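No value in this document is a laboratory result; all are computed from the given coordinates. Everything numeric in this text was worked out from a predicted model, so none of it was measured. Here the Cβ positions follow ideal geometry from the backbone for every residue, glycine too, while neighbour counts run over all protein chains shown.
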Amino acid sequence: MNVGKGGGERLADDQVNLIVEVFRMLADATRIQVLWALAECELSVNELAENVGKPAPSVSQHLAKLRMARLVRTRRAGTTIYYSLENEHVRQLVVDAVFNAEHAGPGVPTHHRDDLTVRGIAAARHSREVNER
């Protein structure tokens, strides 16, 4: 499954099916919240439930699906099971999805607010829009 930078050759059907399954797992608000919470550190089910504002049994069911899709992994410490993202690719996928969604909203996306170049571009765009009205 070496795809390089994208584009080019057609993807194999089995690879496409795996990709579809990953996106299917991401197509749920609770699972996105869980993955976003795990982007920075590992957490237990109860910590995740508190973080996402859902009951622990519900979060546990979502984690089971994410684990089957190999998006999260577990680590046991005594009687507590901690969850973390499976790898850096999962983290990057989640971060990119959040950042891409921020671009759909108004103004400068949160992840660009400290970037003076982007702020300058956004200010120029806003000035053009005001002048066109």
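Based on the Cβ-Cβ distance of residue 61 and residue 9, what FRET efficiency does E = 1/(1 + (r/R0)^6) give at R0 = 35 Å, to the nearest 0.05? Show your work: numbers first, answer last.
Numbers: r = 38 Å, r/R0 = 1.07.
Calculated value: 0.40.
Report the calculated FRET efficiency for residue 41 and residue 19 (r = Cβ-Cβ distance, R0 = 30 Å), to the nearest 0.05.
Working: r = 27 Å, r/R0 = 0.89.
So the FRET efficiency works out to roughly 0.65.
Summing charges over all other residues whose Cβ lies under 14 Å from the Cβ of residue 22, with Lys and Arg as +1 and Asp and Glu as -1, gives +1. Give me, ordered by chain and number, the residues 5 or more places off residue 82 or on other chains with an amide H under 5 Å from its own placed amide H. Result for residue 82 returns 75, 76, 77. In order along the range 59-75, the phi-based Karplus estimate (6.51 cos²θ - 1.76 cosθ + 1.60, θ = phi - 60°) of 3J(HN,Hα) comes to 4, 4, 5, 5, 5, 4, 5, 5, 5, 4, 7, 6, 9, 10, 10, 10, 9 Hz; Gly and Pro are listed as x.
Here the Karplus curve 6.51 cos²θ - 1.76 cosθ + 1.60, taken at θ = phi - 60°, turns the phi angles of the range 10-19 into couplings of 5, 6, 5, 4, 5, 5, 4, 4, 5, 5 Hz, with x standing for Gly and Pro.
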